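Comments concern the structure below.
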Amino acid sequence: LGPWYGYATLLAICLPFYFAHWEEYYSGSLVLGKWNGPTEAQVLSMAVYVGTGIARCYGFDFWSINLFGEISIGKALAISFYIGAVLTCATHPDRSGLSADSIGKVVGMLKHRPGAIIKALLQLTPITVVVGLGSLWIGLSWELFVAHPRTIMMSCAMAFVYLVTRLIVQRICSEPIRIFYVIEVPFFVLSFNAVWTRWFMMYVEQPLGEDEDEKMLYHGSHRR
């Protein structure tokens, strides 16, 4: 499927898990759903790996079969992960109509305390920094990501593990949720470097004119 699908699937798995624990910080109950718990997710992942391995042993590439058009089974599964993540983090239907989940549920619990809502939303700063700046870094350093997808995705996954572990400990110990951790610093540095390299340096190094004589004049003036 390519590295981009792998990174998007990583986010689709990690974000609902993080938001569920953030919700538990306020509600006191952890709601992960049928297939978003750690045990179920690990069993499902192992089943997918075992089934894929058995199929490959017999030379059968199950995930490349096209369901419709150019959408293969593998792509369809990845897209279903993305849709599920959005629905889990945003809203889901229940007996009362459309009930807010995760972000919406916390906002609903704090709706009579506007200051508390702002404080709660600010607590999502660390995961926003990791996901937002991490995606910016990857998007602007695409060649690097294609060459080393496992290393970069492992780095993002380790940052996620750190943040969610801190969130769990803060809930258990009734500690306040911080909005800044040292682990966010590399994402600021990497995204800034990606923006600088991709846009600013490209603009500075680009000749002023497209005519060959202008290019020679441009480079000659810099040599002097």
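The values are calculated or read from the model by the stated rules, or taken from the named source; none is laboratory data. Since this is a predicted model, take the numbers as computed values, not measurements. Neighbour counts are summed over all protein chains in view; Cβ atoms, including those assigned to glycine, are modelled from backbone coordinates with ideal geometry.
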Residue list for region 54-72, restricted to those being in a helix (DSSP H, G or I), out of contact with any helix residue (DSSP H, G or I) (no Cβ under 6 Å at 6 or more places or on another chain) and within 20 Å of Tyr5 (Cα to Cα): Ser64
Exactly one of (1) of a type in the set (Gly, Ala, Ser); (2) at pLDDT below 70; (3) over 22 Å from the mean Cα position of the chain (by Cα) is unmet by Gly115. Its number? (2)
Being modelled with pLDDT of 80 or more and either more than 22 Å from Pro16 (Cβ to Cβ) or more than 24 Å from the chain's Cα centre (by Cα) (or both) is the requirement here; does Ser29 meet it? yes
Regarding region 180-189, can at least one residue be identified that is at pLDDT 90 or above, of a type outside the set (Ser, Thr, Tyr) and over 30 Å from Pro38 (Cα atoms)? yes
State whether one or more residues within region 30-42 are farther than 29 Å from Leu144 by Cβ and basic (Lys, Arg). yes
Would you confirm whether any residue within region 167-178 is surrounded by 11 or more Cβ atoms within 10 Å (Cβ to Cβ), in a helix (DSSP H, G or I) and modelled with pLDDT under 90? no
Quick one: what pairs do we get from region 128-152, first residue modelled with pLDDT of 90 or more, second hydroxyl-bearing (Ser, Thr, Tyr), C-beta under 7 Å, 6+ apart or different chains? Leu133/Ser191; Leu136/Ser191; Trp137/Ser191; Ile138/Tyr7
